[in-house]
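The values are calculated or read from the model by the stated rules, or taken from the named source; none is laboratory data. For clarity, every value in this text was computed on a predicted model and none was experimentally measured. Neighbour counts run over all protein chains shown; Cβ positions are idealised from the backbone, glycine included.
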Amino acid sequence: MPDREHTSKHYEQQLRELKDKLLLMSHQAEQMISDAIRALVERKPSLAEEVIQRDDELDKLEIAIDNTCYEVLALEQPVARDLRFIATALKIVKDIERIGDIAVNIAERGLELIQEPELKRLVDLPIMADAAQKILKESLDAFVNSDADLAEKVITNDNIVDDLYEQIFRELLTYMLEDPRAISRAIKLIFIAKHLERVGDHSANIAEMVIFLVRGQDIRHATRLDRR
Amino acid sequence: MADSVKIDVSHANFFYGNNQALYDVSMRIRPQFVTALIGPSGCGKSTFLRSLNRMNDLIPNARLQGKVQLDGADIYSDNMDVIDLRRRVGMIFQRSNPFPMSIYDNVAYGVRVNGLAKKRVQLDQIVEKTLTAAALWEEVKDRLHRSAMSLSGGQQQRLCIARALAVEPEVILMDEPASALDPISTAKIEELIYNLKQNYTIIVVTHNMQQAARISDETGFFLTGRLVEFSETKKLFTAPAKRETEDYITGRFG
């Protein structure tokens, strides 16, 4: 639904800038995850290094977004949807920042793995990475478009990522059982899979906040109960 | 207590001559609650407020259709004693309007008129008690016989609240009680409202939405003579049910 504009143009502008910054930040985090996985699959250490460096910029954006939120809270006393937007921004900025950290962790494990011979051809991990990135992207699209239905879908689809993690974990376990020399590399791959699983969780968190933003309804505990 | 109602307004339509100011307004005001009424100028909130103690009776050609009940009794019925109604339902206005007499006499005025005190000692007690309840006693106890006009604006407003409290009302109507006051006096009035609700039912009209949010338990939003939304203040200011409410309280007046 199209929003009517605030009578105060300056306030309207401030909220729009905040949204733009969140979009920029989430786009960068998304790209970092995608590049970290690509660096591993295509064995490109320079790309992994680059991902690690890009995290600084994400951290700066996080601080800038936090500051804008505090300013709006102090100066404009937002209520209703505007208040929910600021609350959502303050929460999802943390999820996005964590996704950046996860990309760095994946890049670091990738750098270590690239120095050793390939344990196996990576098939399931890229599939899992795609699934995790897909729900991350959808959670952010849901935020941009205030689309609570898409957000609901993200929460459901987080299960797909969880299932893929279980599958990869079991497969790598068999490699470790067969050959103890595989243990170090297999564990690193399991870490990466676990990191991707966390990306799914953060995406689900973002999706939950989108539902709160749009509907004013806090579904966090209900969702957690459903998932069990 | 949970579901009890102090004032029950049902299907109220209000007219100033041919102009209709309220359209089918129904509202159940709960005892010992602060109820805030918000909305743009001309939305009918003050008309609504004044209809609760028949202040509108004084306006020629003004009339109300529908029902307003105080503790179950129709206040517009022929056997309602309007003087007694206005004692039970007191009113505080935007501009404080102390009488040009001493602080003491301002508070004692209604008590004397209504013959509520038999002896001087009793009157003294009522004056002290109500000035204390209005959070003014400490500031004026040494100059009770000085003119009320010597008080500051915020003090005058609290004096008017004391004057209203002296006749032991059950409901207090307030029309923009703090809009002409500085932030310190406003904070004192707001704190006072918060404390008074333990013993009274309070209905406040205000243009200051943050004030409505701070002081009230329930809020009604009026627009062009209609009650758009009436709900718990916490809910109304975080997740209002109606789009018109949302647009108004977030400042989308377009």
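Values for this structure:
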{"item": "Residue within the stretch B:172-191 that is assigned to a helix (DSSP H, G or I) and in contact (Cβ under 8 Å) with a residue 60 or more places away in the chain present", "result": "no"}
{"item": "Residue match in the stretch A:136-149 (condition: at pLDDT below 95, over 23 Å from residue A:201 (Cβ atoms) and among the hydrophobic types (A, V, I, L, M, F, W, C))", "result": "no"}
{"item": "Residues located in the stretch B:24-64, provided they are over 12 Å from the mean Cα position of the chain (by Cα), in a strand (DSSP E or B) and of a type in the set (S, T, N, Q)", "result": "B:26"}
{"item": "Those residues of the stretch A:100-126 which are under 22 Å from the mean Cα position of the chain (by Cα) and at pLDDT 95 or above, in sequence order", "result": "A:100, A:101, A:102, A:103, A:104, A:105, A:106, A:107, A:108, A:109, A:110, A:111"}
{"item": "Pair list, Cβ under 6 Å, 6 or more apart: the stretch A:53-79 residue on the phi > 0 side of the Ramachandran plot, other residue at pLDDT below 95 and part of a helix (DSSP H, G or I)", "result": "A:77/B:210"}
{"item": "Counted residues, the stretch B:1-23 - those being in a strand (DSSP E or B), at negative phi and not aliphatic (A, V, I, L, M)", "result": "9"}
{"item": "In the stretch B:27-70, the residues that are of a type in the set (D, E, K, R), surrounded by fewer than 20 Cβ atoms within 10 Å (Cβ to Cβ) and within 21 Å of residue B:231 (Cα to Cα)", "result": "B:28, B:30, B:67"}
{"item": "Every residue from the stretch A:9-27 that is loosely packed, with under 14 Cβ neighbours inside 10 Å and either farther than 25 Å from residue A:98 by Cα or within 11 Å of chain B (Cβ to nearest Cβ) (or both)", "result": "A:9, A:10, A:13"}
{"item": "Qualifying positions in the stretch B:221-232 - closer than 18 Å to residue B:24 by Cα and not in a loop (DSSP other than H, G, I, E, B)", "result": "B:221, B:222, B:223, B:226, B:227, B:228, B:229, B:230, B:231"}
{"item": "The one condition in (1) within 14 Å of chain B (Cβ to nearest Cβ); (2) under 21 Å from residue A:210 (Cβ atoms) that residue A:62 fails to fulfil", "result": "(1)"}
{"item": "Answer from A:17, A:12, A:5 - the residue that is outside any helix (DSSP H, G or I) and farther than 27 Å from residue A:131 by Cβ", "result": "A:5"}
{"item": "Residue satisfying condition, being assigned to a helix (DSSP H, G or I), within 14 Å of another protein chain (Cβ to nearest Cβ), under 18 Å from the mean Cα position of the chain (by Cα) and not polar (S, T, N, Q), within set A:160, A:211, A:155", "result": "A:211"}
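Residue-wise test of (1) in a loop (DSSP other than H, G, I, E, B); (2) within 14 Å of chain A (Cβ to nearest Cβ).
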| position | (1), (2) |
| --- | --- |
| B:194 | no, no |
| B:207 | yes, no |
| B:212 | no, yes |
| B:219 | no, yes |
| B:234 | no, yes |
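A quick yes/no check of all residues on (1) farther than 28 Å from residue B:191 by Cβ; (2) in contact with a Leu (Cβ under 8 Å, 6 or more places away or on another chain); (3) of a type in the set (Val, Ile, Thr):
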| site | (1), (2), (3) |
| --- | --- |
| B:38 | no, no, yes |
| B:43 | no, yes, no |
| B:59 | yes, no, yes |
| B:72 | yes, no, no |
